[in-house]
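Worksheet: one structure, shown below.
Read-outs: derived from the displayed coordinates by stated rules, not from any lab. Since we're looking at a predicted model, the values are computed, not measured. Ideal geometry is used to build each Cβ from the backbone, glycine not excepted, and the neighbour counts take in all protein chains shown.
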Amino acid sequence: MKTPPTLALLFVAFSTSVVLAQVIRGDSKAGQSVYEQQCLRCHGANLDGSGPDSQDLIVQPADLRSQISRSKTDWELLVAISNGVLFSPMHSFRGKLTDEQMLDVLSYIRSISPPNITS
């Protein structure tokens, strides 16, 4: 049975995008500065979700060092940074940060708390 060309093309496009999404192209030094200005108040200096504003939130900020956060793909984290997270205090940074700044923040987060490597 022959695979329809559109199905094969979709598979290749999806596989490629997943692999490319895991290539962090940001500058972690620049990301640290953006993180400290925009993220630290909720996510904390240690990325553990215990920033100074976190005590006032009903839904606690994500612990970016946790197994759950570390297992998310770069793409998933970028979507959360860009679009926010529904039913949580995590708001959208689209329009507030450039794409480059979002990649920088992601690079900083990954440099402190690298993603899980599964075999």
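Would you mind getting me the FRET efficiency between residue 50 and residue 86? Use the beta-carbon distance for r and R0 = 35 Å, nearest 0.05. Let's see the in-between values first.
Details: r = 23 Å, r/R0 = 0.64.
The calculated FRET efficiency here is 0.95.
Ranked by Cβ crowding within 10 angstrom, fewest neighbours first, how are 68, 109 ordered?
If I rank by nearby Cβ atoms, fewest first, I get 68, 109.
Each other residue within a Cβ distance under 12 Å of residue 41 adds +1 if Lys or Arg and -1 if Asp or Glu, for a net charge of -3.
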